[in-house]
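Below is one structure, written out as structure tokens, with a few remarks after it.
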Amino acid sequence: MKKIIIHWTAGVYYPTYYEKEHYHYLVDKDGNVHNGIFKPEDNEICRFGKYAAHTGGGNTGSIGVAICAMAGFKNKSSVGNYPILKKQFESAMALCAKLSDKYNIPITPQTVLTHYEFGKKNSKTTSAGKIDIIYIPSYSWVTPEEVGSFIRSKIKWYKQKFEA
Ligand SMILES: [Zn+2]
């Protein structure tokens, strides 16, 4: 596996079957991690109907991690009824650290990134214009453009903690 791409589901706090078809790992409001229907390895070669389609134009070799939240999000002042909770955010970061370790994926902007960042770098894919993740409610001072590097710092911190 080459990349980890981080999402929010734009759904409610617990994963649906449909969401499980689209991500490899889903983190609920309590910080528990649910496995998706497909394994990361199913995305090594994407065969129709047999892989987790989480990132238009970027599924091959990519692990999809989703935080179950953000249904109804419009903007910073109208976040809807399912804002990402601190506990689930931290759990998702710890999960990404474990995955980075397990699959030997370095934590760089090219290899561990948000769906939003992927869409910005790949403007001709259906990922262009995706807004996950441009806002972290528990770290509301982090600007949309800073979220990716903030997330990578968090993941690095967890990874060092595991390795210590
Ligand atoms: Zn996404």
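Of note:
- When we screen Ser100, Ser91 for residues that are touching a residue at least 40 places away in the same chain (Cβ under 8 Å) and either assigned to a strand (DSSP E or B) or buried (at least 23 other Cβ atoms within 10 Å of the Cβ) (or both), the only hit is Ser100.
- When restricted to residues that are free of Cβ contacts under 8 Å to residues at least 40 places away in the same chain and either touching a helix residue (DSSP H, G or I) at 6+ places or on another chain (Cβ under 6 Å) or surrounded by fewer than 16 Cβ atoms within 10 Å (Cβ to Cβ) (or both), region 5-20 contains 3.
- For Thr126: the one exception among (1) in contact (Cβ under 8 Å) with a residue 40 or more places away in the chain; (2) under 12 Å from the mean Cα position of the chain (by Cα): (2)
- Enumeration of residues in region 73-88 that are more than 16 Å from the chain's Cα centre (by Cα) and surrounded by fewer than 17 Cβ atoms within 10 Å (Cβ to Cβ): Lys74, Asn75, Lys76, Ser77, Ser78, Gly80, Asn81
- Any hit, region 42-60, residues being closer than 21 Å to Ile151 by Cα, in contact (Cβ under 8 Å) with a residue 40 or more places away in the chain, more than 16 Å from the ligand (Cβ to nearest atom) and crowded, with 16+ Cβ neighbours inside 10 Å: no
- From the options Lys120, Lys161, Lys124, residue that is within 16 Å of the ligand (Cβ to nearest atom), of a type in the set (Lys, Arg) and either surrounded by fewer than 14 Cβ atoms within 10 Å (Cβ to Cβ) or more than 19 Å from Ala69 (Cα to Cα) (or both): Lys120
- Strands (runs of 3 or more DSSP E) (entirely within region 1-44) containing at least 1 residues that are touching a Ser or Thr at 6+ places or on another chain (Cβ under 9 Å) and under 19 Å from Glu117 (Cα atoms): 3-8
- Within region 45-80, the residues that satisfy the criterion of being in a strand (DSSP E or B) and of a type in the set (A, V, I, L, M) are Ile63, Val65, Ala66, Ile67, Met70.
Values in this text are rule-based calculations from the coordinates and carry no lab data. The structure presented is a predicted model; accordingly, all values stated were derived computationally and were not measured. Cβ sites come from the backbone with ideal geometry, for glycine too, and all protein chains shown count toward neighbours.
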